[in-house]
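Below: one structure, written as structure tokens.
Just so it is clear, none of the values below were taken in a lab; they were calculated from the coordinates. Because the structure is predicted, anything quoted here is derived from the model rather than measured. A quick note on method: Cβ atoms are made from the backbone with ideal geometry, for glycine too, and the neighbour counts reach across all protein chains shown.
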Amino acid sequence: MKTTAGYGRFFGIGVGPGDPGLIPVKAVNILKSVDVIFCASSSKNNHSLAVNIARPHLKDDIPVRKLAFPMTMDRDTAMRSWLIHTTTILDELKQGKDAAFLTLGDPLIYSTYGYLLKQLKQARPDLHIETVPGITSFQAAAAATNTVLVEGEENLLLLSGVHGGNRLREMSSRVDNVVFLKAYKNISDICSALEETDRMNKAVGVVRCGFPDQEIFQDIRELCNLEPRYWTLIISGKGEEK
Ligand SMILES: C[S@@+](CC[C@H](N)C(=O)[O-])C[C@H]1O[C@@H](n2cnc3c(N)ncnc32)[C@H](O)[C@@H]1O
């Protein structure tokens, strides 16, 4: 469908953490109607988990364009790839095609989509952009482990594990419950921080939530002793009883 500027519409779709049954009906309807699918792939391989999750809901012949994003902390290198991909997406939209960019979990939580969104808005402020929320990995993990994330007047801190356990150490006295995403490389320091802040007994870990090989660690100490894996998250409260 062409918008007033002649461009097609752009949708950011959260496909949830792994189970194709956890994609919202609204997203499924959009996936069935768009002309082209975009997704991020690592520049090291051509694989896209987001496409695999969405596959049951995609048209058989839909073109899928994988955009390679370098795994880098270098801002300039990353920026170059966002700009190239923004142009690639705009080239399709310019032809009046509707496009969807797929992301794991929710598109607005620690996702490449956020960077693209900024570039697209900047390049074409009149573009029709619609973001459809997805179920986050930690919501699915809370459900899989029957863990309450917050209740009553509690707060919840969402952390990236890239800086290990330091942010938790700094903020712990003001925080009731905490979620660590990207918990893999620094898992041992995160585990130490959980111990130091009296959160070990109320912690659960989930690896590859929603996939057939999902693993649940009701005793987080077991996870702390294993080889770190990328699709790992930790949810924890404070104190003794779970
Ligand atoms: C770049 S973030 C993406 C977060 C995603 N947008 C979301 O809403 O959950 C990647 C991190 O999310 C967590 N994650 C995402 N999907 C997961 C899954 N299925 N199982 C366990 N952890 C997951 C892991 O901590 C992983 O390192």
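Annotations
- Proximal aspartates and glutamates to LYS59, defined as alpha-carbon separation beneath 13 angstrom and excluding residues fewer than eight positions away on the same chain: ASP35
- Cα gyration tensor shape for region 137-236, rounded if a/c is under 1.5, else prolate or oblate: oblate
- Listed from fewest to most Cβ neighbours within 10 Å, the set PHE138, PHE217 follows the order PHE217, PHE138.
- A simple rule links phi to the HN-Hα coupling: the Karplus curve 6.51 cos²θ - 1.76 cosθ + 1.60 with θ = phi - 60°, which for region 165-180 gives x, 5, 5, 5, 4, 5, 9, 3, 5, 9, 10, 7, 10, 9, 10, 10 Hz, with x for Gly and Pro.
- Dividing the summed -39500 (n - 2.57) terms of all DSSP H runs of n ≥ 4 by the residue count of the chain sets its mean residue ellipticity at 222 nm at -9000 deg cm²/dmol.
- For ILE135, residues with placed amide H under 5 Å, excluding near neighbours: GLY16
- Debye, to nearest 20: dipole size of region 10-132, +1 on Lys, Arg Cβ, -1 on Asp, Glu Cβ: 140 debye
- Scanning the chain for cysteines with no neighbouring cysteine C-beta under 4.7 angstrom from their C-beta gives CYS39, CYS209.
- This ranking places PHE69, PHE10 by how few other beta-carbon atoms lie within 10 Å of each, fewest first, which gives PHE69, PHE10.
- With an a/c value of 1.5 or above and a/b not larger than b/c for the gyration tensor axes a ≥ b ≥ c computed over the alpha-carbon atoms, region 10-132 is described as oblate.
- The chain shape via C-alpha gyration tensor axes, a/c threshold 1.5: prolate
- Dipole of region 10-132 [Lys/Arg +1, Asp/Glu -1 at C-beta], most positive-end residue of PHE11, THR112, LEU83: LEU83
- Longest exposed-site-free window of the chain, the sites being GluC sites (Glu not before Pro) in a DSSP loop that have at most 10 other C-beta atoms within 10 Å: 1-150
- Counting neighbouring Cβ atoms within 10 Å and putting the fewest first, the residues CYS191, CYS209, CYS224 line up as CYS224, CYS191, CYS209.
- Contour minus Cα-Cα distance for ASP213 and HIS163 (0.36 nm per residue): 15.3 nm
- Environment charge at LEU127 (Cβ cut-off 11 Å; Lys +1, Arg +1, Asp -1, Glu -1): +2
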